[in-house]
Each structure stands twice: as C-alpha cells, then as structure tokens.
1. Residues in segment A:11-19: is at least one among the acidic types (Asp, Glu) and touching a residue at least 12 places away in the same chain (Cβ under 8 Å)?
2. Please enumerate the residues belonging to segment B:7-27 that are in a strand (DSSP E or B) and either more than 22 Å from B:Ala92 (Cα to Cα) or among the aliphatic types (A, V, I, L, M) (or both).
3. If you scan segment A:67-113, which residues turn out to be assigned to a loop (DSSP other than H, G, I, E, B), within 19 Å of A:Thr7 (Cα to Cα) and within 14 Å of chain B (Cβ to nearest Cβ)?
4. I'd like the full set of residues that are within 29 Å of A:Leu39 (Cβ to Cβ), part of a loop (DSSP other than H, G, I, E, B) and in contact (Cβ under 8 Å) with a residue 24 or more places away in the chain, limited to segment B:41-71.
5. Confirm whether A:Ile79 is of a type in the set (A, V, I, L, M, F, W, C), surrounded by fewer than 17 Cβ atoms within 10 Å (Cβ to Cβ) and within 28 Å of B:Gln2 (Cβ to Cβ).
6. Here is a list of conditions, (1) modelled with pLDDT of 95 or more; (2) more than 14 Å from every other protein chain (Cβ to nearest Cβ); (3) out of contact with any helix residue (DSSP H, G or I) (no Cβ under 8 Å at 6 or more places or on another chain), and B:Lys69 meets all of them except one; can you say which number that is?
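The values are calculated or read from the model by the stated rules, or taken from the named source; none is laboratory data. Note that the structure is predicted; figures quoted are calculated from it, not measured. Cβ placement follows ideal geometry from the backbone for every residue including glycine, while neighbour counts extend to all protein chains displayed.
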Amino acid sequence: EPEVTQTPSHQVTQMGQEVILRCVPISNHLYFYWYRQILGQKVEFLVSFYNNEISEKSEIFDDQFSVERPDGSNFTLKIRSTKLEDSAMYFCASNRGQYNEQFFGPGTRLTVL
Amino acid sequence: AQSVAQPEDQVNVAEGNPLTVKCTYSVSGNPYLFWYVQYPNRGLQFLLKYITGDNLVKGSYGFEAEFNKSQTSFHLKKPSALVSDSALYFCAVREGNQAGTALIFGKGTTLSVSS
C-alpha cells in the first residue's frame, strides 16, 4: 500500500539555523500539505500546495517558512531561521482531490535548542 | 471560521463495551468530516469520512460515525471496544467544494480501553 514518507524522523538544530524537512507524497496525489503538532497540543495546518503553488496558508506560515516541490516527487518545508517555538512534530500529507482523505506521513520531530 | 470541538479530553471504557468519542463542528458551508487515530510516536491514520450520503459512515477497524446536521455533530462509535483501540483520536473538518483545503482538527480525545 502506498504511503507518505518523511525524512529525517528527528532533527535537532540550533536556534537561528535553517532546516529543511523532506516528504515524498503518494505518487498519484495532486495536493500536498504541511501540518505541525506541538507536544501535547492539537494538529495545526501550515500550508497547502497544488499545481506548483501555495493554495492556502495559515497565519503560522510566515516569511520564515517556504515550501517547494523541486523534482516532481519530493515536497519540502524550509524554516529559514529556527526559533525555540518551532520545536514540534511536522507532518506532511497528500491527497488526490478535494473529496479525498488526506494521508499523513509519520512525521519529523524538530527540536530547536 | 471553521472549528471543531472534542469536549472530552479522555474517554475510559472497558473492553467489550461500546464506545463513543464526541465531536461537534462549525463550518459555514457543507462540511467534510473526518476521524483520524494517532498511536504513540506515529503519524495520523485515517479512519473514516463523511462527504455526503448516508448519515452513518463505516470505517476501518470496526469504527463508525454518525453525521447529525441539526446537532452539528459527528460522533465516533464502536459497538465493542478492544484494548488495542487505546489511542488518541482526532476529529477534523474542512469546508466542502474547494480543492486543497486545510483540515481543521479538534484537540483530540484519548481513548483508554481497559481489559
């Protein structure tokens, strides 16, 4: 069964450093998403991406964040200058279309020191 | 604005008993409703969804959910709980008729099934 994969599973970085989180969505999916879950809190939407552009973003997704689909298979989330409060589990998700459920990857745990 | 409420932080049930995890929603248009389950240190797994049609939706692992438009609810149910059902359950909503729309999640309900 196809699944969304994410790398790395855990990333530790120093405050102010740039990080890139990587995702490989399911191959025939057209819509891609990033969510985050701060420890003990609910899952929060960051951004959605379709047809090589951002279709929707939340207020969390400020200028420090960017997304890219560089090669037709990977979908990346970049945080330019990490802050302590960026520490969270980041989930990538994808789906085929508006009527379809989103499939989530296993997540990347980001720890900012 | 869209929102989801899961009024219970935790639900405790004995194995073999029926379980209900509650969810209410608020959305301006037609709701698309979802339930996901999260096991420790794992991602979110899709259980079931309501888009349109029958109000009773059947999903994975014997779970079902009932859409009630007048009460704006989408409670998750299972006739006979298993210890292995113990996990964190999230209800989510999105507005229909728009592609690539974000899911809005509730805060989650921890289900604990005792043997």
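1. Going through segment A:11-19, the residues among the acidic types (Asp, Glu) turn out to be A:18.
Now drop any that are not touching a residue at least 12 places away in the same chain (Cβ under 8 Å), which leaves A:18.
Yes, there is a match, as at least one residue in segment A:11-19 is among the acidic types (Asp, Glu) and touching a residue at least 12 places away in the same chain (Cβ under 8 Å).
2. Within segment B:7-27, B:Val11, B:Val13, B:Ala14, B:Leu19, B:Val21 qualify.
3. Across segment A:67-113, the qualifying residues are A:Arg69, A:Gln102, A:Gly105, A:Pro106, A:Gly107.
4. Of everything in segment B:41-71, those that are within 29 Å of A:Leu39 (Cβ to Cβ), part of a loop (DSSP other than H, G, I, E, B) and in contact (Cβ under 8 Å) with a residue 24 or more places away in the chain turn out to be B:Gly59, B:Phe63.
5. So A:Ile79 fails the test.
6. (1)
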